[in-house]
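Chemist: Pasting a structure here, questions to come.
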Amino acid sequence: MARINQRAIDKHIKDIAKSYERAAKRNPIRVPIQTEASAPGGTMPGRDSAEGDPVLARLLMWLDEQAQRSPSRYIDVTRFVEEQQLPDEDPAVLAFELEQRDLVRVARTMGGTPDVHLTDAGRAAIYRLKKLRLDRAARLRYTMDAFHRWLFDTAGDQKPINPVLFLATPAAYFAGSEITGTELHEALAHLAQHQLIEHIDTEPPTVAITPQGVSCALTGGSVQDHVNQPRPGTTYNTYLPNAKGVIIGEQQNFTQNNTDGVDPTLFVQLAGYVGQVSPILGLPDEDRVELERVAQELHTEATSGNPEPGRLRQFATQLKDKLLEGATTIAATQGIQMAEQALAALM
C-alpha cells in the first residue's frame, strides 16, 4: 500500500478546495447517497428523513434564512434551486417531500410555483440541524460515510481519483453546511487507517477504494459499523482485567477444570466484546454503565474456578436483552448473535 503523503494532500486541498467548491455551484455533480451514522455524541438522521438528505437539509436551512427576512410570506422553492444551481432538482418535488414530512405547508395556487411556509415541525427540524452541525464527531462520521459511498459510486473499480472532487457534490453537505477541505482531509486519514481507501502518490494526490472498502460499501452499513464489527479470529482485549490480570476476551480457547463440564470460552469472549463495543452502541450513559456492569459480572463468573451454568445463562441473557432494547448498530447485532451462541452451548 502506498504511503500517505500528508504534506501533499494538505497543500493540494488548501490550493484547490475553494475552486472546486465554486465549481460545485456552477456545475454540481449529482451523486445519490444514503448515510446513517450513529454513535455517542450525536446521531445523523437517516437518508430517508429530510434532515438526513443533503439537499433537503440545505433547503431547510435556506428556508430558515428566507423566513427570518419575511416571516409571514410563502417562499418559492424555485429560487433555492436557481441560487444553489441544482439543475437536476425539481423544486416542486422538493417542496412536496418536505410537505409529506409536515415540515412545510405548500400553497395551492394557480401560478404553479411551489411556494411553501415553514410549519412548527419544520422549525424544530431546523433547530436540530443547527445543533447537529456543531457536533464534530457526527460531522466526521458523516464525511467518512459520504465520501466512501461517493468513491464507491464514482470509482468502484478501484481506479485512482482526486478526492477533492467530492467537495463539488451535493453530498458534501452535513446538516445543511458545507464539508470543508480540512474535514475531508481528516476523513481520508481515518479511511486509510482502516484500509478502506489507498492513497496514491500522484500529482495531484489521488485515492482508490480498496477491496475491503468495496466490501464495506456492499454491506450498506456505515463505515463505523464496518470498523467495529468483529473479524474471524479477533480477540477483544481492551476491557477490564480479572483478578489474575487476564484481559477479558484475550483467550481464544479458554478452558478450565470444573465439575459441571462447562466451557466458558464463548462467555468470556461475549463479555470482552460487549465491554469493548459498549461506547459505540449509542446507548444512554446509564444504560451503557449497566451493560458494562453485567458484562463484568459475566466475565467474573466465566473465569471463576467453577462457573455455574445458571449464572452464565442469567448474565448472557441480560446482555442479549439489553442489546435488543437499546441498540441498533451492526456491532449490537453481532453481540446479540454471540450471546445466542453462548446460550446455545448450555443446552
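Chemist: I'm trying to understand the selection: among the residues of segment 188-213, which are in contact with a Leu (Cβ under 9 Å, 6 or more places away or on another chain), surrounded by 15 or more Cβ atoms within 10 Å (Cβ to Cβ) and in a helix (DSSP H, G or I)?
Modeler: H190, L191, G213
Chemist: Could you list, in sequence order, all residues of segment 273-287 that are in a helix (DSSP H, G or I), in contact (Cβ under 8 Å) with a residue 60 or more places away in the chain and open to solvent by 10 Å² or more (accessible area, probe 1.4 Å)?
Modeler: Residues satisfying the conditions are P279, I280.
Chemist: Continuing with this model, one more query. Quick test for you: out of G275, G282, G310, pick the one residue that is touching a strand residue (DSSP E or B) at 6+ places or on another chain (Cβ under 6 Å) and at pLDDT 75 or above.
Modeler: Being touching a strand residue (DSSP E or B) at 6+ places or on another chain (Cβ under 6 Å) and at pLDDT 75 or above holds for just one of G275, G282, G310, which is G282.
Chemist: Return the only residue of D153, D157, D76, D102 being modelled with pLDDT under 95 and surrounded by 17 or more Cβ atoms within 10 Å (Cβ to Cβ).
Modeler: Checking each option against the conditions leaves just D76.
Chemist: Something else now. Do the conditions hold for A331, that is, is it modelled with pLDDT of 80 or more and either open to solvent by 40 Å² or more (accessible area, probe 1.4 Å) or assigned to a helix (DSSP H, G or I) (or both)?
Modeler: no
Chemist: Determine whether S177 is open to solvent by less than 50 Å² (accessible area, probe 1.4 Å), closer than 30 Å to E89 by Cβ, among the small types (G, A, S) and out of contact with any strand residue (DSSP E or B) (no Cβ under 9 Å at 6 or more places or on another chain).
Modeler: Yes: the conditions hold for S177.
Chemist: Could you grab me the full set of residues in segment 144-173 that are farther than 18 Å from Q212 by Cβ and without any contact (Cβ under 8 Å) to a residue 60 or more places away in the chain?
Modeler: N162, F166
Chemist: Suppose we filter V104, V77 for residues that are touching a His at 6+ places or on another chain (Cβ under 9 Å) and touching a residue at least 24 places away in the same chain (Cβ under 8 Å); which single one remains?
Modeler: Result: V104 is the single residue among V104, V77 that is touching a His at 6+ places or on another chain (Cβ under 9 Å) and touching a residue at least 24 places away in the same chain (Cβ under 8 Å).
Chemist: Continuing with the same structure: Take the residues in segment 105-120 that are surrounded by 14 or more Cβ atoms within 10 Å (Cβ to Cβ) and modelled with pLDDT of 90 or more; name whichever of them is nearest to S72 (Cα to Cα).
Modeler: Taking the candidates together, the pick is H117.
Chemist: Can you say whether R105 is among the basic types (K, R) and closer than 26 Å to A67 by Cα, as far as the supplied structure shows?
Modeler: Yes.
The values are calculated or read from the model by the stated rules, or taken from the named source; none is laboratory data. All values reported here derive from a predicted model rather than from experimental measurement. Neighbour counts run over all protein chains shown; Cβ positions are idealised from the backbone, glycine included. Heads up: the accessible areas ignore ligands, DNA and RNA and are worked out on the full protein's heavy atoms, side chains in. Shrake-Rupley method; radii C 1.70, N 1.55, O 1.52, S 1.80 Å.
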